[in-house]
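First up is the structure itself, then whatever we jot down about it.
The values are calculated or read from the model by the stated rules, or taken from the named source; none is laboratory data. The model shown is predicted, which means the values in this text are computed figures rather than measured ones. Reconstructed Cβ throughout: ideal geometry from the backbone, glycine too, with neighbour counts over all protein chains shown. Side chains are part of the model used for accessible areas, which takes the heavy atoms of the whole protein and leaves out ligands, DNA and RNA. Shrake-Rupley method; radii C 1.70, N 1.55, O 1.52, S 1.80 Å.
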Amino acid sequence: MKAFGFLSFGHYGHGRGPGDPTAGQSLHEAVDLAQATDEMGVNGAYFRVHHFARQSASPMPLLAAIAARTQRIEVGTGVIDMRYENPLYLAEEAAQLDLLADQRVALGVSRGSPEPALRGWEAFGYTGSQDPRGADLARAKFDEFMAAIRGEGMAQADPAQFGRPGLLRVEPQSEGLDRRIWWGAGTRETAEWAAAQGVNLMSSTLLTEATGDAFADLQREQIDRYRAAWKAAGHDWAPRVSVSRSVFPILTDEDRLMYGMQGEDDQVGIIDGFRSTFGKTYAGEPDRLIKELRADAAVEAADTLFLTIPSQLGADFNARLLQGFAEHVAPALGWKPNTEGPVQGDPVG
């Protein structure tokens, strides 16, 4: 691990008091937290995207607001649900955001996780999926999105304006954006598929697999298979790999009361019809966290660690949490602050 950022689910409520922000309060606190962590040297601010739920939704307005208030921190998603997206419109938005942010965008996309609405993407006007989970729709849209941001022709030119037939690309284009797109993979097979597509790997907060192996070991196998597939595909650049963890440094008695009862074991459950593995929570004094995270095979293999945060507790609370990690844990894991420049992937040899 050489970089870390926070991953916010953007939960909000009804504004009834602490821990129950309104949607507006949640968005303003997200911007405040990103600004505070940018100044700390944290490498990334990433947001989950959900629909029909009291959580972060369409991300571009929030990411643009953060980009305008920060200088170095990477801004992105983990992940945008492609079933709900118009791929060409998303390509335009992503390029404009990347230009405004001076190439600091890192967009995670995928099929997405289960949503509260039954086939909710159809309410957005996207029909025709033959898969009850919409995976076929997401993959087709992803292909179109990547073609658009790579500058391929997407629409026939009007001969009345151009004098000859031809294909037009979407505008604007942001050079290098295609190398800052991540696929959120929940299985070993989808990780290999992401490598074949030439995009970065964002290993999910859960894996839709349960083999009996520890979550970290399953994730490490996923990463190893991704890098092997990347090498086999012959891509000429070094991809990035991220994993997510819940990590709570205990520095005070108050921290011990807050985090001391966190579960410390992986969990197995059913999600989206699949037996799935969820990673454990790390909570403890810094020396213990350093030892445990060094022993986490997936954290050791990834270049970027996303810390999932209790976003509904506000910017000040989470800034202290992330400051504690930055000061007392991250340096021992190999962390390089954002002042040292953009994060680079590890060479695949």
Problem - With all protein chains modelled, accessible area of T304 [1.4 Å, Å²] - result: 0 Å²
Practice task
Can you tell me which of 325-334, 126-135 comes out highest on packing, and rank the rest after it, using the mean Cβ neighbours within 10 Å?
Solution key: 325-334, 126-135
Exercise for the section: Would you list the P(r) distribution for the range 1-84, with all Cα-Cα distances sorted into 10 Å bins from 0 and each bin expressed as a whole %? Expected result: 18, 50, 28, 4
Handout entry: DSSP beta bridges in the chain [antiparallel fraction, %, rounded to 5]
Key = 20 percent
Practice task
Starting from the Cα coordinates of the range 60-206, work out the convex hull volume and express it per residue in Å³.
Solution key: 140 Å³
Handout entry: Set K280/K336; K141/K231; K141/K291 screened for pairs whose C-alpha atoms are more than 31 Å apart
Key = K141/K291
Problem - In Hz, Karplus ³J(HN,Hα) per residue of the range 77-86 (6.51, -1.76, 1.60; θ = phi - 60°; x = Gly, Pro) - result: 10, x, 9, 7, 7, 5, 4, 9, 10, 8
Exercise for the section: Please list, in chain and number order, the residues 5+ apart from R169 or on another chain whose amide H is under 5 Å from its amide H, with Hs placed from the backbone. Expected result: M154
Completion exercise
Taking placed amide H atoms and a strict 5 Å upper bound, the residues 5 or more places from T308 or on another chain that come that close are L7, R245, S246, V247
Fill in the blank from the handout: Residue by residue through the range 144-152, the couplings from Karplus 6.51 cos²θ - 1.76 cosθ + 1.60 with θ = phi - 60°, in Hz, x for Gly and Pro, are 5, 4, 5, 4, 5, 6, 8, x, 6
Handout entry: Accessible surface of the range 1-99 [probe 1.4 Å, protein heavy atoms]: carbon and sulfur percent
Key = 50 percent
Practice task
Apply the Kirkwood formula to the range 44-108: the hydrodynamic radius equals the inverse of the mean of 1/r over all pairs of different alpha-carbon atoms; give it in Å with one decimal.
Solution key: 11.9 Å
Handout entry: Rg/Rh ratio calculated on Cα atoms of the range 170-254 (Kirkwood radius)
Key = 1.11
Problem - Among (1) 73, 44, 43; (2) 88, 44, 33; (3) 72, 55, 41, the entry derived from the coordinates for Cα extents along the principal axes in Å - result: (1)
Handout entry: Estimated 222 nm signal from helices in the chain, with DSSP H stretches of n ≥ 4 weighted -39500 (n - 2.57), rounded to 500
Key = -11000 deg cm²/dmol
Handout entry: Backbone HN-Hα couplings from phi across the range 285-297 [Karplus 6.51/-1.76/1.60, Hz, Gly and Pro as x]
Key = 5, x, 4, 5, 4, 4, 4, 5, 6, 5, 7, 7, 4
Problem - Per residue, in Å², the accessible surface of the range 136-182 once ligands and nucleic acids are set aside, probe 1.4 Å - result: 57 Å²
Problem - Net +/- balance of residues flanking Y226 in space, Cβ distance below 13 Å, scoring K and R +1, D and E -1 - result: 0
Completion exercise
Nearest 10, in degrees from 0 to 90: the angle of helix 23-40 to the longest Cα principal axis of the chain is 70 degrees
Exercise for the section: Can you work out the accessible area per residue across the range 8-119, with the rest of the protein chains kept in place, probe 1.4 Å, in square angstrom? Expected result: 40 Å²
